[in-house]
Amino acid sequence: MTTSAYPVGPDGVHTEARFSPTLCFHFDAFRFFTPQARALNTLQPGRDDRPAFEQPGCLHAGMDLYKHAFRLSPMICSELVAEAFELAWDIRVLDMRAAPYDFSGVVLEPRGEPWTAVAIETTEGRAEYVAAQREFSERGAPIRRQLIAECDRLLGA
């Protein structure tokens, strides 16, 4: 079971943010940063430069697959929407497990397994997080390709 130093409180989060590189590419996540946190981010993504910054490994970009699939329903097959939803659910669980809140023991998954923290403040936790990002990116690739194909079909391209 992974344990985390979280919850560390506001001072601990501030210290972690100050001494760890922050690299958020996703505008929809970045726009919720506080002004102080925005200054710490290596990039300054904006609404108009999303194509330049968007990355399939970004958790928020993976969750956006569901947003776009849902918006395209019922013009696309419901199986694709369901696949995108399942991916978004799993990504959100990781996102919450890596947050500076103690979700240990919370059971919200259909599998009924209690959550364990992803200790991103440790080398092991960062490795776990990166491995999960890679897996989600791989799971999202066929969904992304299908959504693009469906958009092309709908636009007559």
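The values are calculated or read from the model by the stated rules, or taken from the named source; none is laboratory data. Note that this is a predicted model, so its numbers are computed, not measured. Here the Cβ positions follow ideal geometry from the backbone for every residue, glycine too, while neighbour counts run over all protein chains shown.
Listed conditions (1) at pLDDT 85 or above; (2) within 25 Å of Arg47 (Cα to Cα); (3) among the aliphatic types (A, V, I, L, M) are all met by Ala131, apart from (2). Considered as a group, the residues in segment 126-157 that are among the small types (Gly, Ala, Ser) and under 30 Å from Met75 (Cβ atoms) include one that is surrounded by the fewest Cβ atoms within 10 Å (Cβ to Cβ), and that residue is Gly156.
If you go through segment 76-129, how many residues are in a helix (DSSP H, G or I), within 30 Å of Glu150 (Cβ to Cβ) and either without any contact (Cβ under 8 Å) to a residue 60 or more places away in the chain or of a type in the set (A, V, I, L, M) (or both)? Before the answer, list the steps.
Just the residues of segment 76-129 that are in a helix (DSSP H, G or I), to begin with: 78-97, 123-129.
The next check asks that each one be within 30 Å of Glu150 (Cβ to Cβ); those that pass are 78-96.
Those left that are additionally either without any contact (Cβ under 8 Å) to a residue 60 or more places away in the chain or of a type in the set (A, V, I, L, M) (or both): 78-82, 84-96.
Of the residues in segment 76-129, 18 are in a helix (DSSP H, G or I), within 30 Å of Glu150 (Cβ to Cβ) and either without any contact (Cβ under 8 Å) to a residue 60 or more places away in the chain or of a type in the set (A, V, I, L, M) (or both).
Thr123 meets the conditions (1) surrounded by 12 or more Cβ atoms within 10 Å (Cβ to Cβ); (2) of a type in the set (Ser, Thr, Tyr); (3) at pLDDT 80 or above in every case but one. The failed one is (1). Within segment 50-75, restricting attention to residues that are in contact (Cβ under 8 Å) with a residue 24 or more places away in the chain and either of a type in the set (S, T, N, Q) or assigned to a loop (DSSP other than H, G, I, E, B) (or both), the residue that is nearest to Cys151 (Cα to Cα) is Met75.
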